[in-house]
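Presented below is the structure to which this report refers.
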Amino acid sequence: MPHWLQLMIDSLGPLLWAALIFTAPLTLLSFVLGLTLGLVVALIRLFGPAPLVPIVRFYVWIIRGTPLLVQLFLIFYGLPSAGIVLDAFPAALIGFTLNIGAYTSEIIRAVIGSIPKGQWEAAYSIGMTWQQAMRRTILPQAARVAVPPLSNTFISLVKDTSLAAAITVPELFQASQRIVATTYEPLILYIEAALIYLAMSSVLSHLQGRLEHRLGRYGGYIEAHK
């Protein structure tokens, strides 16, 4: 068996374990928390009290205008100077959540703003409150439109978690770095790590396509029965 193939087989287990134990949880938790934060921020920007609007606008401006890696370094290496010490995984989780929250807030704000005004009026005309209109009419329609960009954000997050290696989170990419340090075979190990990221992204892209197809059929059914 060729040396490079034997090396890839031997390292596959540790790399997949790191992806399962650290990369996947970090991705899922960051996205769920970030999406929740993004929804709150979007609703504040669209409907919130005036004093809060500039605060969330400033948050979005700062996050979107600075590199994610710098944000992670500020949280993990910078905050200890202010007396706030975080372990690597929580620091990465906070950094990714804040980053995803800013970007998803813009997506959610755009899709909610794209819902025709007539939908609000129709909801109010049958006696719905603002909260009921938002929950039963506006958000379901906005969710269908938001699936493609939010799915792309999620897929990008899978790859972005490799940046957590820079703050010592033992995820997939750092696991490959550790093996490189002992085998001195960076090309083979980094190609293997890239292939694992590619496989995860491909699976998620396939699931995204199926979800969009189902939502498209559901949306077509609704349009046909209006």
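The values are calculated or read from the model by the stated rules, or taken from the named source; none is laboratory data. Model, not experiment: these values are computed from the prediction. Because the Cβ atoms are built from the backbone with ideal geometry, glycine has one as well, and the counts that use them run over all protein chains shown.
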Revision key, fill the gap. Reported set for the range 72-125 where residues are hydroxyl-bearing (Ser, Thr, Tyr) and modelled with pLDDT of 95 or more is Tyr77, Ser81, Thr97, Tyr103, Thr104, Ser105
Practice item. Would you check which residues across the range 158-196 are buried (at least 20 other Cβ atoms within 10 Å of the Cβ) and either of a type in the set (S, T, N, Q) or over 23 Å from Pro25 (Cβ atoms) (or both) and list them? Key: Thr161, Gln174, Ser176
Check your understanding: Which condition does Ala50 not pass, out of (1) in contact with a helix residue (DSSP H, G or I) (Cβ under 8 Å, 6 or more places away or on another chain); (2) over 30 Å from Ser176 (Cα atoms), if it passes all the others?
Key -> (1)
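To keep it simple, each residue is scored yes or no on (1) among the β-branched types (Val, Ile, Thr); (2) at positive phi.
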site: Ile75; (1), (2): yes, no
site: Leu79; (1), (2): no, no
site: Gly83; (1), (2): no, yes
site: Asp87; (1), (2): no, no
site: Thr97; (1), (2): yes, no
site: Tyr103; (1), (2): no, no
site: Arg109; (1), (2): no, no
Review point. Of (1) touching a residue at least 60 places away in the same chain (Cβ under 8 Å); (2) touching a helix residue (DSSP H, G or I) at 6+ places or on another chain (Cβ under 6 Å); (3) more than 28 Å from Tyr184 (Cα to Cα), Trp4 satisfies all except one. Which?
Key: (3)
Practice item. Filter the range 174-190 down to residues that are free of Cβ contacts under 8 Å to residues at least 40 places away in the same chain and closer than 30 Å to Pro149 by Cβ, then give me how many there are. Key: 1
Exercise for review: Scan (1) out of contact with any Pro (no Cβ under 7 Å at 6 or more places or on another chain); (2) modelled with pLDDT of 90 or more; (3) part of a helix (DSSP H, G or I) for the single condition Pro170 breaks and write down its number.
Suggested key: (3)
